[in-house]
Amino acid sequence: MRRRSSSSPNDRQGRAVVFGVLGLIVFSVLVGRLFTLQMVHGERALVLSEKNWLKPEPIPGRRGRILDRSGKILADVVPSFSIVFDPQHEAFKKKSEYKEQVLNELAVLLNHDPKQYEDAIYRNRGRSYHPIRIHRGANEEEVSRVEENRPNLPGVSVEVDSERFYPHGSLAAHTLGYLREVNEKDLKKDETGHYRPGSKIGRAGLERVYEKELRGTDGVKFIEVNVRGRRSQAYIEAEPVPPEEGSDIRLTLDLDLQKATELALDNAPFDGDGQPPVLSGAAIVLDVRTGDVLAVASRPAYDPNVFSRSMSHAEAGYLFGSSRPMFNRAVQGKYPPASTFKPVVMYGVLDAKLTVPSDDYVYCSGRHKYGNRVFRCWKRTGHGHMNSFDSMAQSCDTYFYKAAEIMGVTGIRAVSERFRVYEKTGIDLPGEKAGLVPTPKWYDENYGSWSRGVALNLSIGQGEIEMTPLQMVTLTAAVANKGKRPKPHLLAEVNGVQAEIEFNEPLELDERIMRTIREALEFTVTDGTAKVVNFEEVKVAAKTGTAENSRGEDHAAFVAYAPADNPEIALVVYLEHWGHGGAAAGPVGRDILMAYFGIEPEPDPEAMPAPASAESQPEVLAGESYEE
Amino acid sequence: MSRRFRQFDWILLFSILGLIAAGMTLVYSASQVPAYPWKAGLFTRQTMWLVIGLVALFTAAAVPFRFWEEYSHLIYGVAMVVLASVLVIGVEREGARRWLSFGGFQFQPSELAKLATIMLVARLLSRPRLDITKLSALLPVLFAALVPFVLILLEPDLGTSLSLPAALVGMVFWAGFPGVVILIVATPLLSTLLSFKLWLWVPYLVLLLVFLRMIGVKRLLGGAIAVVNLAAGFAAPVLWGTLHPYQQQRVLTMLNPESDPTNSGYQVIQSKIAIGSGGLAGKGFLEGTQKGLAFLPEQHTDFIFSVLGEEFGFIGCVLVLCLFALLIQRSVRLATKARSRFGAYLVVGIASMIMFHVAVNVSMTVGLAPVTGLPLPFLSYGGTFLLVTLIQSGLLLNVAFRRNEV
């Protein structure tokens, strides 16, 4: 082989020629190929491109199911029928008025408003060849009526889809959430290609939070269609891409306890004058050891299955009406915790050694003067001499007013910070709200001038203080759990993979004081305002609360944990405008505890712990405050 | 100064500008798809990258190439560190780590790494009295290219990594390495690929023997080459056959994740129909129907040529190919004229790489080559790729502007 040197101009020229020849070969091959494709077979390709399309037909990937902690189905996937309409059917090619005629006929047949069809067709504009689902969730009768009249209804057909189905209806509706069709914003955002017009997406609750896990991946099959969108003979063999199923998710919810909780809520005795309002509120049961949410319910509720079918006007009116049934009060409702907040204040009192239970008594006359205002204890005649322990059990407000005088807004805020009562718990539900324990700065910003007397209201969990029911139950669990605050969560397992149990950072609390508080809460059950849960079978610790408000009956609150010695569960019941905590919310808590511990109701009325009738006298009237 | 302008290669500049214009036109068209609403933002993003790219082009052209030569070591080093970091902190998409993400920006370091490698190799080759046929001269060059090649393969990104050897072969050939040897080294590889089709392999072997006789290789050496080819050709299908189908699929997807997911040539069929339906003059700008209806999600990137074919027809395709041919021809001409050896090697490397990209990408869209995920310079959507293409163009113009400088 000849030795070449790289710089001689001749060699450069020679190599340039090699490059040129190589380039020319590539260029000629490509141009030749293009000539064959475009000039020789161009006509055929044009026919193929205009008359025949390989239409990718999605094969839906089945959505995962949602299961309770033992694997019982909470959200299922079932076949469902849709009436579909093809606006480009060949029958409408010549006469487009005929299309309206067919739609009107169909509307009469199914007793629908033809407007809703037009809406569906409008929503699907731009999808040139897909038949449009104009009526989802058709029942058997509707399907058979359409099938019988098929010859008169060109372009109309019936398709089988898989559809989300919630077998227990409104049970845990707020937690499970619901699906809706994707909108244009979703489609714009989506670069994963998971969604097409008409795809369903989790819009609320766990369906939304675990959308990624639950959703399947659509497969594709290829159908050759001609210009009219009808199937034609296959020209190209294209193998389908199989769909992928979404993952099942297992929750911490216990279906039986959930049912019992919802039943107990619905049976809540109204403790007030006149007609009861719409039952609004929430109940939550938490495993204090793990943070597993065993049951969670919000009222009023709704049936998420309405989102799977075409919704009626009445259903839509209810859903978006003034009772706000889709609002998840368990995590989004912010309420004054009333006396259920007193353990926190009591901790502040004992921690600062403001009073010592054994020797420092406060005298409750039923009235407490602060400046020119008189704050009343719920017990108008007064409790007499009270120490912190008794004042908890009897829910004596005067004692707390005294404490608040010393602690002030700053002191109450400081002890709330130690318990982190107003922080979001981080539960895996959308839209969780934070609570509020005001600081002096907050009052400056919102009220301008304010009296130090606001602290007195705060001390009994009223005034500006706000917590969600979830925060109340988490606080209760932290008290039960020696300051170890569980992180409430609903997910137990995705596709057999256990979800991690997390704890929020532990509250650094004085265990000696906490023991006193827990004893006071037990004493509340045996000798105080929460006798409604005084069982022989299991020792319960509880606190009732009644929040006064200007817009109607009092809000009723109830928190508890049990067994008192070795706590397993904590619960909260909160009912808007439903009366006194012990009388209205207490019985709900009682029913839930009985369901959890399998306690049979005693037939003997004597042994029945605090029947509802006995409760109706104002035994627990927490924290009224009057201005004079 | 005025002499510089008189000697400046305006045709080269014209071809570059023409290709940029064609690219933006096609990306705009490909972004207008009612069935894929998310594509609407693609054009805006590409325009943003074009602005950045033009700034980079002027920078690459304005700074004398002596500077690039001087700092090619450093640039190469930084590029390799960034490239390696992708494997660790890169964003994973469909099983491959190829992108770094800063805020909303996604950046593909492999493209820049290839350019840095070309710079370093150009510098290594332009050392005085270098004899490339000597192993001591060839090994550093090979090593410099091997590092990024392996790193890109690990991502994995076969398509992107393949254009690096193409550039290297071009440069080494320019440095005086005998073309015949390059061919012979490549024969076993070719044999492996062709052995899967007997009707291709047998004529190939015959041609190889004729070729070896023609160039007068010694009998012993020629025999050895033939035996190696034969062995490679026999072994490949046999070894391949012992793998389970799912293993084969896994190897194929690993080597080439862009390969047709349906395994049925669907994308290529659609691309061929789109191009063919354009006929002589095309359906007109924005009038293409296949992009909206067909299942061609990659049309704005790797299959952009099919938009060209459908909307601008045979005439449009040939015009764009002519622009590419012009770009290559002017670059090779520049390489012969440039007084700086570094400049010449740089130009040859860049031109070889662009030529490889064009050949493989267009062959893929017209069904002549397998789907490899190699984008088309100037035309395909993709920020980093456009940026690097424009930097490369800037470097070509740089050498063109200073072709009398050493």
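Listed values, structure above:
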read-out	value
Long-range neighbours under 8 Å by Cβ, at least six apart or interchain, first residue closer than 23 Å to A:Ala107 by Cα within the range A:74-85, second of a type in the set (Ser, Thr, Tyr) and outside any strand (DSSP E or B)	A:Ser80/A:Ser308; A:Phe85/A:Tyr117
Test: residue in the range A:180-189 that is of a type outside the set (S, T, N, Q) and more than 14 Å from every other protein chain (Cβ to nearest Cβ)	yes
From the options B:Thr117, B:Thr133, residue that is part of a helix (DSSP H, G or I) and of a type in the set (S, T, N, Q)	B:Thr117
Of all residues making up the range A:387-420, the number that are in contact with a strand residue (DSSP E or B) (Cβ under 8 Å, 6 or more places away or on another chain) and either buried (at least 22 other Cβ atoms within 10 Å of the Cβ) or assigned to a helix (DSSP H, G or I) (or both)	11
Residue in the range B:121-132 that is under 30 Å from B:Tyr381 (Cα atoms) and buried (at least 20 other Cβ atoms within 10 Å of the Cβ) present	yes
Subset of the range A:543-583 [of a type in the set (Ser, Thr, Tyr) and touching a helix residue (DSSP H, G or I) at 6+ places or on another chain (Cβ under 7 Å)]	A:Thr544, A:Thr546, A:Tyr561, A:Tyr574
Selection within the range B:374-398 - within 12 Å of the chain's Cα centre (by Cα) and not polar (S, T, N, Q)	B:Leu374, B:Pro375, B:Leu376, B:Pro377, B:Phe378, B:Phe385, B:Val388
Matching strands (runs of 3 or more DSSP E) fully within the range A:130-207 where at least 3 residues are at pLDDT 85 or above and not acidic (Asp, Glu)	A:156-165, A:200-202
Sole exception among (1) facing chain A (nearest Cβ under 7 Å); (2) within 19 Å of B:Leu164 (Cβ to Cβ) for B:Val358, by number	(1)
Residue in the range A:90-109 that is at pLDDT 80 or above, at negative phi, outside any helix (DSSP H, G or I) and under 37 Å from the mean Cα position of the chain (by Cα) present	no
Residues of the range A:1-46 satisfying the condition of being more than 7 Å from chain B (Cβ to nearest Cβ) and modelled with pLDDT of 90 or more	A:Val17, A:Val21, A:Leu22, A:Leu24, A:Ile25, A:Ser28, A:Val29, A:Gly32, A:Thr36
Among (1) over 22 Å from the mean Cα position of the chain (by Cα); (2) modelled with pLDDT of 95 or more - the single one B:Ala22 does not satisfy	(1)
Selection count, the range B:12-67, where residues are farther than 17 Å from B:Phe303 by Cβ and among the basic types (Lys, Arg)	2
Among residues of the range B:293-309, those that are facing another protein chain (nearest Cβ under 8 Å) and either at pLDDT 85 or above or more than 26 Å from B:Gly159 (Cβ to Cβ) (or both), counted	2
Residue count for the range B:337-360, restricted to those that are of a type outside the set (A, V, I, L, M) and surrounded by fewer than 24 Cβ atoms within 10 Å (Cβ to Cβ)	6
Scope the range A:230-247; condition part of a loop (DSSP other than H, G, I, E, B) and either at pLDDT below 85 or outside the structural domain of A:Thr217 (by TED's automatic domain parsing) (or both); matching residues	A:Arg230, A:Ser232, A:Gln233, A:Ala234, A:Tyr235, A:Ile236, A:Glu237, A:Ala238, A:Glu239, A:Pro240, A:Pro242, A:Pro243
Elements of type helices (runs of 4 or more DSSP H) contained in the range B:7-93, each with 2 or more residues being of a type in the set (A, V, I, L, M) and crowded, with 20+ Cβ neighbours inside 10 Å	B:10-31, B:40-62, B:72-89
Any hit, the range A:379-386, residues being in contact (Cβ under 8 Å) with a residue 24 or more places away in the chain, part of a strand (DSSP E or B) and assigned by TED's automatic domain parsing to the domain that holds A:Glu553	yes
Matching residues, the range A:484-497, being assigned to a strand (DSSP E or B) and either hydroxyl-bearing (Ser, Thr, Tyr) or within 21 Å of the chain's Cα centre (by Cα) (or both)	A:Pro486, A:His489, A:Leu491, A:Ala492, A:Glu493, A:Val494
Failed item in (1) away from chain A (no Cβ under 14 Å); (2) under 26 Å from the mean Cα position of the chain (by Cα); (3) surrounded by 17 or more Cβ atoms within 10 Å (Cβ to Cβ), with B:Gly170 passing the rest	(1)
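The values are calculated or read from the model by the stated rules, or taken from the named source; none is laboratory data. Everything numeric in this text was worked out from a predicted model, so none of it was measured. Note that each Cβ is placed from the backbone with ideal geometry, even for glycine, and that neighbours are counted across all protein chains shown.
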